[in-house]
Ligand code: ADP
């Protein structure tokens, strides 16, 4: 993957951070893009310490102009553009009756619009470089089945699978493949927060994220961020060249399709 450049959004922590570190290990120069400037810088420094090229870019993926500027910054700083990983996401829990316009705007803004703007910005950068590229979008196991109290999030992740399939058809003629990944329950700050919120609403600890809950997962354990990063590394590399429009489940066997 020498001389290839990848941009990963939401790369300041959790799954995105693991993806950024893995792609760097595989030889990519990596743009670490996040809303949070401080965490993005930390991860970029971590990569730079391993001797790989990295740049931190601050971006709110729900803002189209910001996203285009971030991709352009990455392309200029790293000298190319080959892969975008639209990983940033938010997942507030709510009961159906308590969904507010603000929650819908926020979740669809980041999880759905963010993916659309990211694909557009990447297409522009690939064209400027005079070649195709790979677009990789984050869906979820919740993009295959409804998850309790996550209606807005779950529907946003169903939408991402639709975007991935459609974009794959629309962009093949440009030499661009579009695939996705669908994590299950990953040990990240996001999942800890979901566990806390759902338990609080239920008035008792539900223990999502515990060994007890892991019994519901075919492989009997929660996911490490690195499990997901390995799947994304495959999608970012040449071994997936003959794949497009797919959203791979990497969930320990929670959902079969
Ligand atoms: P996950 O389990 O998907 O890794 P986390 O909540 O642990 O979830 O991490 C999500 C990352 O996405 C965080 O670093 C967060 O700052 C980032 N993020 C959230 N919203 C945005 C946004 N609008 N634009 C860019 N990055 C964002």
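Read-outs throughout are calculated quantities, based only on the coordinates presented, and are distinct from any laboratory measurement. Remember, predicted model here, so these are calculated numbers, not experimental data. Every residue, glycine among them, receives a Cβ derived from its backbone with ideal geometry; neighbour counts consider all protein chains shown.
Just checking the listed ones, 15, 185, 194: in the Gaussian network model of the chain with Cα springs under 10 Å, the one fluctuating most is 194. In terms of other Cβ atoms within 10 Å, 55, 71 run from fewest to most in the order 55, 71. Summed over qualifying helices (DSSP H, 4 residues or more, each -39500 (n - 2.57)) and divided by its residue number, the chain shows a 222 nm mean residue ellipticity of -14000 deg cm²/dmol. Please work out whether segment 218-257 counts as rounded, prolate or oblate from its C-alpha gyration tensor, where a ≥ b ≥ c are the square roots of the eigenvalues and a/c under 1.5 means rounded, while otherwise a/b larger than b/c means prolate and anything else oblate? It is oblate, given that a/c is not under 1.5 and a/b is not larger than b/c. Relative to the dominant Cα principal axis of the chain, helix 64-78 is inclined by about 50°.
Just so you know, the Cα atoms of the chain work out to an Rg and Dmax of 17.4, 56 Å. The C-alpha atoms of the chain define a longest principal axis, and helix 14-25 lies at about 30 degrees to it.
Once C-alpha pairs closer than 8 Å and six or more residues apart are averaged by separation and normalised to the residue number of the chain, the relative contact order reads 19 percent.
If packing is taken as the mean number of other Cβ atoms within 10 Å per residue, what is the order of 160-166, 47-53, 32-38, highest first?
Numbers: 160-166: 18.7, 47-53: 14.4, 32-38: 21.7.
Sorting 160-166, 47-53, 32-38 by mean packing, highest first, produces 32-38, 160-166, 47-53.
Counting neighbouring beta carbons within 10 Å and listing from fewest to most, the residues 223, 140 come out as 223, 140.
Exposure proxy ranking for 231, 182, based on other Cβ atoms within 10 angstrom of each Cβ and starting from the fewest, stands as 231, 182. Comparing 89, 130, 184 in a Gaussian network model of the chain (Cα springs below 10 Å), the most mobile by mean-square fluctuation is 130. The C-alpha atoms of the chain define a longest principal axis, and helix 225-236 lies at about 40 degrees to it. GNM on the chain, C-alpha springs below 10 Å: top fluctuator among 113, 157, 134? Residue with maximal mean-square fluctuation among 113, 157, 134: 113.
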